[in-house]
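Structure record follows, encoded as structure tokens.
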Amino acid sequence: MSTPETKRGGLPHQPPGNTLGKENYLNASRGFLSWALTLDHKRIGLMYLVSILTAFLGGGLAALYVRTELIAPGQTLGDADMYNQAFTLHGAIMVFLFIIPGIPAALGNFVLPLLLGAKDVAFPRLNLASYWLWVCGAIFAVISLATGGVDTGWTFYTPYSSSTTTSVIPIVTGVFILGFSSIFTGLNFIVTTHKLRPKNMGWFNMPLVMWALYSTAIIQVLATPVLAITLLLLIAERAMGIGIFDPALGGDAVLFQHFFWFYSHPAVYIMILPAMGIISELIAVFSRKHIFGYTFIAYSSVAIAIFGFIVWGHHMFTSGQSDLLNMIFAALTFSVSIPSAIKIWNWLATLYKGSISWDTPMLYALSFIILFTIGGLTGLFLGMLAVDVFLHDTYFVVAHFHYVMFGGTVIAFLGGLFYWWPKMTGRMYSETSGRLSAALIFIGFNLTFFIQFILGSQGMPRRYFDYLPRYEFYHQVSTIGAYITALGFMVAAYSLAMSLVRGKLAPANPWGGNSLEWHTTSPPPLHNFEGEPRSDDPYDYGDWKWDDSVEGFVRKDAEATA
Amino acid sequence: MASSTDGKHVPHVVPLWILIGVLAILLILTWATVAVTSFDFGSNMNLVVAMVIAVIKAALVVMFFMHLVWDRPFNTVIFVSALAFVGLFIILALLDTGQYQPTMIPGYTAAGGVVP
Amino acid sequence: MSHDHDHPSYLQHHFDTPEQQFTSSKLGMWLFLATEVLMFGGLFCAYSVYRGNHPEIFMYAHQFLDTKLGAINTVVLLCSSLTMAWAVRAAQLGQKRLLPFMLILTLAGAFGFMGIKYIEYSSKFDHGLLWARAYEPHEEGHHGDDHGDGHEAGAADHGAAHDGGDDHGDADHNGAADHNGASDHNGDAAHEAAAGDHGGEQAEALPDGVLEILPSGLKVEKSTIAPPGSAPSGTVLTVSDDGHGEHHGPEPEKTKVFFSIYFLMTGLHGIHVLGGIVVIFWLLFKSLGGAFGPEYYTPVDLVGLYWHLVDLIWIFLFPLLYLIH
Amino acid sequence: MIDVLASILQRVISIPAGIAAAASERVWLPRSVSTFAGDIDFAWDVVFWLSVFFFVLITLITVYFMFRYKRRTPDQEALPAPDHHLPIEIAWSVLPLGIVVVLFWQGFAQYVNMATPPQDTYEIQVSAMKWSWLFTYPNGAVTNELHVPIDTPIELVMTSSDVLHAFFVPEFRVKKDIVPGRYSNLWFEATEAGDYDLMCTEYCGKDHSAMLAKVTVHEPGGFEPWLKEESDYYNKGWSMEEIGEKLYNTRGCKTCHSVDGVNGTGPTFLGLYGIEHALVGGGTAVVDENYVRESILEPQATIVAGYDPVMPTYQGRLSEQDISALIAYLKSLGN
């Protein structure tokens, strides 16, 4: 650790290990181009973060529009076309612009090399290209919005998508580009994990979030190209009428669904695996206890990645897929539930006899366990063939995937964001507002979506602009829940934004974690570490002790922390 | 293969006779695959023969032109798993579409909706 | 910095050794190739599904592809693969004059491939053998309707597709060359004058049901089955090939899907060849400046891998599209 | 805007009444009204109570640990505990495997039932289009609402003329996508007379949520007379206008064309006959016999300005006589 400099810029109490006002990656160079053309993974991660949060805001507003429209049967705000475009926009933005790049490209980009003790990802230029491809894809999404919107649903099912008059081609082009952005991130992460670990870090010394990001990257690399070709075929279908998917031209509409879900089911694991990785970190760090069953959790991530490829047909049980395939996919589908269950049990065992702090990231992690349990268990209903036939395309499915995607991924994303925020910015957020946001989102989310399980089991179909009066009460509750959730997000945004203005300065290790990112300063220097970081078991917290003067954790063996 | 202790990269050079020999075999196989089309092996055997030849050709290119025999084994793992996933995709899709073929309506053309 | 004593200019700051950088690049490239395999895998899947369910379409439609040109292209691509592998070898051995030479040979192969592809494509365009919506097969040499010899008006528009031919390939090239630029037979007066004679005369003395016999021995027959996509029903011309009984018969339904798949597969492959041309040019440019040698030849190696993959895909496309039996 | 807010506020105020109403009905699943609905409900119950058990277990453990082991002081360390335990881990990996095998079997066995229709079903042709249903009975009668006899296995042979649709009746627990270019089959046997809602559950565009129909299950002996009544309008002594009105109501016209002067997905029929329309792409057309006929048979040929080209063709669905009847009805709506 370098010798402390005198405080600059009138910063308040600056704990050791905090580099605000000194040299760090944020001020290593200045000017717009130093960001736009940066090769530093940390800056790219931050740019991603700002971008995907903007996308999240857009998708969230679309969601609020949808929920508000549904507060009463019939027309509330706009007509059916408007509603259809709103839910399509909500789905497409949230899936392709927010949740898929969310954890890997934003948080992952920032922490992955730090976790490995590396200076950067293996291909920094590719990383930057990935970011700008994302921007490019987002621009296409905006173009499609500006040229009349899209009303196909995020799944782009043919033949509706090849016959509707709305702007399908721009948004599909956008998603095509976003696919390459995702591939580049995945490719980069695999190579980085393989090649840039420190010499003494074996595969089983990696933090579990690395296993999760690595498994995610495998899916990104192997599945996303199929999405690319699917979308290319869809564009060709519309532009040239090639007749692969459109029955009117001699094609096969169900084949499109095979193509689409061959990517989009593994993509579900692109969304949830990194979230599980973050939860493994949070549970261990905030219990100050070694993660339970490291090997099982690590292998279960890889297992989920691989099983994820052989279950896509469960999205097609009522689609006209043959009975034979329905049976095969139904049997294979249950295989995914085993590794997911393993993780839940291991997390609970980690909590046992821990020293459980109620800091904001941990509150998010604990709500993840409960929400993901509901999401996972309701998946069992949908895996059972005969029950799925009844529940398919109803609100039960909507609720199920929101419990996994929102209750799982978004919650873990927020947990990770609060967890690494001090490392990224060098500032602590206010715990009060942080905890309030976690509570509000938990309550609002359950109000919004638990009621939709009931709604779905009553037979309410999804993507309905209007509905039968008997469903009205449930929709009202759901809409109110959506607004409470939105309030929770506003509180979270407030908490993080205020921390930048008047947050306390963060120490190097506010939480007592032992993965390598906590071994460097907050924020880290341009090349991440001063000297070669020393890696050991990332879940052995015995070397760190709480220091009141630092308001964080310091190494026990450090002679003087200055 | 191409590693050394001090981290300096030492390339593996493929002997010229291997490269030219591989090309010769590839050309012969190309001739063969065209030639066998004039024989009828019955049912789908012609397709099988054509694919076997293509796989041999592809394997030669991958192993020698692309250095995979001398490369790190993990690169082989990547390539083979990519092929395996393609195979999985094709087999399951074929299995399904083959099953529901009888329900197809011959000569169907859509009656409503147009493409802009 | 751990490598301050030995820091070649090509070594990026976040790598410790050239070896680490090289194997990283190589691993990245193989992953990229895996994505390419899966991307083309989608097309192969679409191909398999349609061939599995409609073998008759493939049996019928592949006759319009030119096996001879396909085979020549295969050879061209294989040879350029060798020169590429040789280029990598030259770079590894520091043969600074051989490397650009081999790259130029590879480029020659690439351009040769695209040139032949161009000939094939323009022949398809001339005959209206295009993807589904544009599919409108017609026979260049046949212009009966223009000369009032009694055929249904419009028959030629959606009528005979011509053999591109594994067995009658030469006839097709001649046709394609002769009628280049004359695909719009109603608008091109000069062409009508040239083609009109034999088309009009032959049709007069033919047996019932056969509308025309082409110079190559193909009979253009009357069929009652309209190809989908051609709007009015009526007389439809199809080609039968007397040499090989199995190619007889009317045009199956959904034939246009074959051409959709053909254009998608060869088109996407062609785009990859074009991409290869660009990067090989870049390599050539760099190699002329002496950028590569035994200690640093990563770009040559990676482009080589890419180029071989393009070759690899063609190795499958050729029998699957041209050699259907 | 104020209106919207006021109506939203009104909805919010009415929620307590809604809770009371909802609490008085069954919460999960609608009534079961088909032969296999009971079996599916059993499978549902199995997985439902299993889920409740695990949910309660995991939540209790989480919440209990959260309080029991709460960190009191910032420097509090964890209590000693093992970081792995192979037998336990293997147990909780393998046990769920056994459970999911049971679940798979439950779902699969019932599915086989649903997928295989019995012999001697009563077959009804279903034609789905944006955004209405047509049901054709063996005697040629066509309606836009489904009528079936009770306690009789019904087989539906379904086709779509445009995009994907799906047939869903919650009370019967049946659902099947209707794929254009294919015949989709589905069977059920209703066990209780009454009216049920049929919904389209595969997103099909603008009026997806309006693509509803009533399913009427007739009491024993009630179906045959109804069917007789519905068939052959031309031998009932009705006027052409009356037949046209009947066709308007039963063949899907009214989904998009109102008769009250309000334009919907298509122009209203009120006062339509004889006027001159502006067309998409320029030009005009007078609504006369030929124009109406063409619009029915080739709806894509001329599109009225301001509307989307979404109407399916009725070629083969309406006879010449039917078209004449519809023209007569249109004329009666005046201009």
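The values are calculated or read from the model by the stated rules, or taken from the named source; none is laboratory data. Model, not experiment: these values are computed from the prediction. Reconstructed Cβ throughout: ideal geometry from the backbone, glycine too, with neighbour counts over all protein chains shown.
A few comments on the model shown:
- Test result for D:Ala210, more than 8 Å from every other protein chain (Cβ to nearest Cβ) and surrounded by fewer than 20 Cβ atoms within 10 Å (Cβ to Cβ): no
- In the set (1) modelled with pLDDT of 90 or more; (2) within 21 Å of A:Lys195 (Cα to Cα); (3) surrounded by 14 or more Cβ atoms within 10 Å (Cβ to Cβ), B:His9 fails one condition alone, (1).
- Checking A:Gly426 against (1) in contact with a helix residue (DSSP H, G or I) (Cβ under 7 Å, 6 or more places away or on another chain); (2) farther than 25 Å from A:Gly481 by Cα, the condition it does not meet: (1)
- Among the conditions (1) away from chain C (no Cβ under 13 Å); (2) surrounded by fewer than 24 Cβ atoms within 10 Å (Cβ to Cβ); (3) not basic (Lys, Arg), the only one that A:Phe176 does not satisfy is (1).
- When each of D:Val63, D:Val33, D:Val100, D:Val46 is tested for being under 25 Å from A:Tyr474 (Cα atoms), at the interface with chain A (Cβ under 9 Å from one of its Cβ atoms) and not aromatic (Phe, Trp, Tyr), the lone residue that passes is D:Val46.
- Comparison of B:Gly98, B:Gly21 shows that the only residue that is more than 7 Å from every other protein chain (Cβ to nearest Cβ) and either at pLDDT 85 or above or under 17 Å from the mean Cα position of the chain (by Cα) (or both) is B:Gly21.
- Residue satisfying all of: in segment D:119-131; over 18 Å from D:Arg182 (Cα atoms) and at pLDDT below 90; nearest to the chain's Cα centre (by Cα) among these: D:Trp131
- When restricted to residues that are at the interface with another protein chain (Cβ under 8 Å from one of its Cβ atoms) and under 8 Å from the mean Cα position of the chain (by Cα), segment B:52-66 contains 2.
- Exclusive hit being at pLDDT below 90, within 14 Å of chain A (Cβ to nearest Cβ) and closer than 26 Å to C:Lys254 by Cα, set C:His54, C:His62: C:His54
Per-residue answers, yes or no, for (1) out of contact with any strand residue (DSSP E or B) (no Cβ under 6 Å at 6 or more places or on another chain); (2) free of Cβ contacts under 8 Å to residues at least 40 places away in the same chain; (3) away from chain D (no Cβ under 11 Å):
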| residue | (1), (2), (3) |
| --- | --- |
| A:His475 | yes, no, no |
| A:Ile484 | yes, no, yes |
| A:Tyr494 | yes, no, yes |
| A:Pro510 | no, no, no |
| A:Glu517 | yes, no, yes |
| A:Lys545 | yes, yes, no |
| A:Gly552 | yes, no, no |
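- Taking the criterion of being over 28 Å from the mean Cα position of the chain (by Cα) and either outside any helix (DSSP H, G or I) or at the interface with chain B (Cβ under 10 Å from one of its Cβ atoms) (or both), the residues of segment D:307-335 that qualify are D:Leu333, D:Gly334, D:Asn335.
- Some residue of segment D:272-294 being in the same structural domain as D:Ser319 (by TED's automatic domain parsing), part of a helix (DSSP H, G or I) and acidic (Asp, Glu): yes
- Scanning segment D:154-196 for residues that are over 29 Å from A:Pro247 (Cα atoms) and free of Cβ contacts under 8 Å to residues at least 40 places away in the same chain gives a single hit, D:Asp195.
- Qualifying residue in segment A:71-80 (condition: more than 23 Å from A:Ala497 (Cα to Cα), in a helix (DSSP H, G or I), of a type outside the set (Phe, Trp, Tyr) and at pLDDT below 95): yes
- Residues satisfying the stated conditions in segment D:281-317, i.e. under 23 Å from D:His208 (Cβ atoms) and among the hydroxyl-bearing types (Ser, Thr, Tyr): D:Tyr307, D:Thr313, D:Tyr314
- Within segment A:442-455, the set of residues being more than 10 Å from chain D (Cβ to nearest Cβ), in contact (Cβ under 8 Å) with a residue 60 or more places away in the chain and buried (at least 21 other Cβ atoms within 10 Å of the Cβ) comprises A:Phe442, A:Phe445, A:Thr448, A:Leu455.
- Residue in segment C:247-266 that is assigned to a helix (DSSP H, G or I) and more than 14 Å from chain A (Cβ to nearest Cβ) present: yes
- Listed by position, the helices (runs of 4 or more DSSP H) contained in segment D:1-107 that have at least 2 residues being buried (at least 17 other Cβ atoms within 10 Å of the Cβ) and modelled with pLDDT of 85 or more are D:37-68.
- Any hit, segment D:187-196, residues being crowded, with 22+ Cβ neighbours inside 10 Å, within 14 Å of chain A (Cβ to nearest Cβ) and of a type in the set (A, V, I, L, M): no
- Subset of segment D:66-97 [more than 7 Å from every other protein chain (Cβ to nearest Cβ), out of contact with any helix residue (DSSP H, G or I) (no Cβ under 8 Å at 6 or more places or on another chain) and of a type in the set (A, V, I, L, M)]: D:Leu86, D:Ile90, D:Ala91, D:Val94, D:Leu95
Let's see how each residue does on (1) within 30 Å of the chain's Cα centre (by Cα); (2) outside any helix (DSSP H, G or I); (3) modelled with pLDDT under 90; (4) aliphatic (A, V, I, L, M):
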{"position": "A:Pro198", "(1), (2), (3), (4)": "yes, yes, yes, no"}
{"position": "A:Ile218", "(1), (2), (3), (4)": "yes, no, no, yes"}
{"position": "A:Pro225", "(1), (2), (3), (4)": "yes, no, no, no"}
{"position": "A:Gly251", "(1), (2), (3), (4)": "no, yes, yes, no"}
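- Just so you know, in segment D:248-258 the residues that are buried (at least 19 other Cβ atoms within 10 Å of the Cβ) and either outside any helix (DSSP H, G or I) or among the polar types (S, T, N, Q) (or both) include one that is modelled with the highest pLDDT, and it is D:His257.
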